[in-house]
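The values are calculated or read from the model by the stated rules, or taken from the named source; none is laboratory data. Computed from a predicted model, the values in this text were never measured in an experiment. Methodologically, a virtual Cβ is constructed for each residue, glycine included, from the backbone with ideal geometry; neighbour enumeration extends over all protein chains shown. When the accessible area is computed, the model is the full protein with side chains, heavy atoms only, and any ligands, DNA or RNA have been set aside. Shrake-Rupley method; radii C 1.70, N 1.55, O 1.52, S 1.80 Å.
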Amino acid sequence: MNVVVQVLNFISQEILNVPAYLIGIIAAIGLIALKRSAGQVISGGLKAAMGYLILGAGATVVTSALAPFGDLVLKSTGAHGVVPTNEVITAQASSQYGASSAYIIVLSFIVMLLLARFTPLKYIFLTGHHMVFMSTMLAVVLSVGFGTDHQLLIVIIGAILMGVIMVVMPAFAQPFMNRVTNSDKLSIGHFNTLGYIVSGAVGTAVGKKSKSTEDINFPKGLSFLRDSMVSTTLLMVVLYLVFSVWAAIVLPVKTLFKIFPSGPDNYGSFFMAAFAQALQFGIGVSIILYGVRIILGELVPAFQGIANKVVPGAKPALDIPIVFPYGANASLIGFLGSFVGGLVALAIIAVWLGPVWGVALILPGMVPHFFDGGGAGVFGNATGGRTGAIVGSFINGLLITFLPAALMTVMGSFGLANSTFGDADFCWFGTITGNMAHLGPVGGAICLLIFAAVLFAAAWIWQVKVVNAGWTPGAKHAEFIEQVKAEEKAAKEAARAAKKTAAAKA
């Protein structure tokens, strides 16, 4: 009997309690269900586990680069500087909450499949890295609220909440997605959906007679910003050097030269150390993204195959880059508009919200502004042309700056970290669930279940009354675009006729 207990204890503590091993086991089970060969199962399981370990290694690099940056901001401004980066905060939290997060992922996927199978919300969320981020966020805020002694409750409530949000948000965004793609075959599975819905709604309101961004010949010189590794590193270089100059002006020399681990004793080496730390941040993010890609390469095919068998006719909810081809110029305009919105929100926090209310200083994260802002630009353009893309992405930039500040208030010790979640849905959903969890294991769990039920019921009504009824936003803008195209076509035909007439007279 003791041997059995020891074996079970070994499995639970040394295998199932290690997130990397659990992710590998999940991938292997999925591949077995797809009837893959033994070699493919072993390879897929190992790759998924290694991807998680690589993610942790990248987090170590990023953390070491963020620490002195936080010191720079804090000591030079007196504010707490935070860079919203999902991969970073997830990797930082994985050592403490990784096991709970892994169990939430597995159970939430089952909940999602059941909801999609037996309700009108037939969406299968397939953006694996956002599943990892959402499960980690829920594990953190529920653990802070309930206490770490209630792991089973945390996993169950977290799985229900995550399963609901994975079918609810694609449903709310579907009319806007239909306008973007001009079909109903794809859904959006990215947890900045609030930003995309707001951008689409704003485009509908302000861009009824605005031409499409795709009619603009955008400068090719800015195309390098499409590489997220380059854009992230470039932003960090600028931020590091700006705050280094600021610190060099306002801080005593002894304090200044103690900020970086290398301990430079002159201004030249101080600025070069800042530059090196910015590059280290970019390297660390690249390592993390590589680890995430390895995980996704094994998990997503397994999940997708299972989902197709269990929920026939379901729509795949995919990552935000799926919409970029529908508005290449819009995505770049959206990135820039969102970044400007982030800077404006940063100024508001620094000048007013921070000093008066103690709100954390949220620095613009290039990765969320690029992907979220780019997606917001595409949605805004689809319903409101250039005006919709600019205004919608600007508001998205405000959202993904203010909302992360709110989320940090319910993240316990991670509310003092130098990073946080950067997408709108993580933040509004996490803030609400985190505050409800603070009501305690009993009261909090009841409130969270009611909240999940209300959210699900609202999405069900929306799906039946709006999506299934065929409503799509931006109808007046679409009519304007068709009118413009007709006028341009008529003008071209008139020009060709005039050319032929002139040639005949000659």
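Filtered by the rule that a residue be among the β-branched types (Val, Ile, Thr), buried (at least 24 other Cβ atoms within 10 Å of the Cβ) and free of Cβ contacts under 8 Å to residues at least 60 places away in the same chain, the range 114-154 gives THR136, ILE154.
Looking only at the range 329-379, which residues are under 23 Å from ARG179 (Cα atoms) and small (Gly, Ala, Ser)? Scanning the range 329-379 gives ALA330, SER331, GLY334, GLY337, SER338, GLY373, GLY374, GLY375, ALA376, GLY377.
If the condition is being touching a Leu at 6+ places or on another chain (Cβ under 9 Å) and not aliphatic (A, V, I, L, M), then the range 443-493 contributes GLY444, CYS447, PHE451, PHE456, TRP460, GLN463.
Condition check: within 22 Å of SER183 (Cα to Cα) and crowded, with 18+ Cβ neighbours inside 10 Å. Does PHE480 satisfy that? It would help to see each step written out before you state the result.
Working: within 22 Å of SER183 (Cα to Cα): yes; crowded, with 18+ Cβ neighbours inside 10 Å: yes.
Yes; evaluated as a whole, the condition is true for this residue.
For LYS209, the conditions (1) at pLDDT 95 or above; (2) open to solvent by 50 Å² or more (accessible area, probe 1.4 Å) all hold with the exception of (1).
Every listed requirement among (1) open to solvent by 60 Å² or more (accessible area, probe 1.4 Å); (2) at pLDDT below 80 is met by VAL242 save one, (2). Would you check if there is a residue in the range 341-357 being surrounded by 20 or more Cβ atoms within 10 Å (Cβ to Cβ) and in contact with a His (Cβ under 8 Å, 6 or more places away or on another chain)? Yes, the range 341-357 has at least one match. Against the numbered list (1) buried (at least 24 other Cβ atoms within 10 Å of the Cβ); (2) out of contact with any Phe, Trp or Tyr (no Cβ under 7 Å at 6 or more places or on another chain), PHE191 comes up short only at (2). Checked against (1) closer than 29 Å to LEU161 by Cβ; (2) of a type outside the set (Lys, Arg); (3) assigned to a helix (DSSP H, G or I), PRO364 passes all but condition (3).
Could you run through the range 176-199 and say how many residues are within 17 Å of LEU318 (Cβ to Cβ) and part of a helix (DSSP H, G or I)?
Selection size over the range 176-199: 10.
Residue check: SER94 meets all listed conditions (1) surrounded by 24 or more Cβ atoms within 10 Å (Cβ to Cβ); (2) out of contact with any strand residue (DSSP E or B) (no Cβ under 7 Å at 6 or more places or on another chain) but one, namely (1).
Yes or no, residue by residue, for (1) out of contact with any strand residue (DSSP E or B) (no Cβ under 6 Å at 6 or more places or on another chain); (2) more than 23 Å from GLY430 (Cα to Cα):
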{"residue": "VAL367", "(1), (2)": "yes, no"}
{"residue": "ALA376", "(1), (2)": "yes, no"}
{"residue": "PHE379", "(1), (2)": "yes, yes"}
{"residue": "ILE390", "(1), (2)": "yes, yes"}
{"residue": "GLY397", "(1), (2)": "yes, no"}
{"residue": "ALA405", "(1), (2)": "no, no"}
